[in-house]
Amino acid sequence: QVQLVESGGGLVQPGGSLRLSCAVSGSSFSIYTMGWYRQAPGKQRELVAALTSGTSTTYADSVKGRFIISRDNGKNMVFLQMNRLKPEDTAVYYCNVVSRQTMAAYWGQGTQVTVSS
């Protein structure tokens, strides 16, 4: 059974930084994409950043230049370094992985990020 466990969320002031981590366990498949999505109250879930095939990266326009996605293949973990945080970054952040073999998507339980003074 595939499990994704996020950590690192919390309350931070505008301009601050947080680092989210996601540990993937129970997967016997090759991972095609690892990424982060977020969902703010009353809004649809949106892509924040993704790593495809370990090398190609995608960022939402709203986080380009501020967020960095990275991966530790040996530990099956993905990270999201979030810098210069803004109140509009407030959301529940979800980790996502996609199987290379089946293209099935798996999700974590989410971690709350709140940017407020």
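The table below gives the values:
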{"item": "Any hit, the range 87-94, residues being among the aliphatic types (A, V, I, L, M), surrounded by fewer than 20 Cβ atoms within 10 Å (Cβ to Cβ) and out of contact with any helix residue (DSSP H, G or I) (no Cβ under 8 Å at 6 or more places or on another chain)", "result": "yes"}
{"item": "Residue that is farthest from the chain's Cα centre (by Cα), among those in the range 87-105 that are part of a strand (DSSP E or B) and under 16 Å from Pro41 (Cβ atoms)", "result": "Ala91"}
{"item": "The range 16-57: number of residues that are assigned to a loop (DSSP other than H, G, I, E, B), touching a strand residue (DSSP E or B) at 6+ places or on another chain (Cβ under 9 Å) and more than 30 Å from Ser116 (Cα to Cα)", "result": "6"}
{"item": "Which numbered condition Ser21 fails, given (1) over 20 Å from Arg100 (Cα atoms); (2) open to solvent by 60 Å² or more (accessible area, probe 1.4 Å); (3) among the hydroxyl-bearing types (Ser, Thr, Tyr)", "result": "(2)"}
{"item": "Residues of the range 58-86 classified as part of a loop (DSSP other than H, G, I, E, B), modelled with pLDDT of 95 or more and in contact with a strand residue (DSSP E or B) (Cβ under 8 Å, 6 or more places away or on another chain), total", "result": "5"}
{"item": "Flag if Val5 is in contact with a helix residue (DSSP H, G or I) (Cβ under 9 Å, 6 or more places away or on another chain), of a type in the set (Val, Ile, Thr) and either open to solvent by 60 Å² or more (accessible area, probe 1.4 Å) or closer than 16 Å to Arg84 by Cα (or both)", "result": "no"}
{"item": "Selection from the range 44-84 of residues that are touching a residue at least 24 places away in the same chain (Cβ under 8 Å) and open to solvent by 20 Å² or more (accessible area, probe 1.4 Å)", "result": "Arg45, Ser62, Arg71, Lys75, Asn76, Met77, Phe79, Gln81, Asn83, Arg84"}
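The values are calculated or read from the model by the stated rules, or taken from the named source; none is laboratory data. These figures come from a predicted structure and were not determined experimentally. Note that each Cβ is placed from the backbone with ideal geometry, even for glycine, and that neighbours are counted across all protein chains shown. Areas reflect the complete protein model, heavy atoms only, side chains present, ligands, DNA and RNA absent. Shrake-Rupley method; radii C 1.70, N 1.55, O 1.52, S 1.80 Å.
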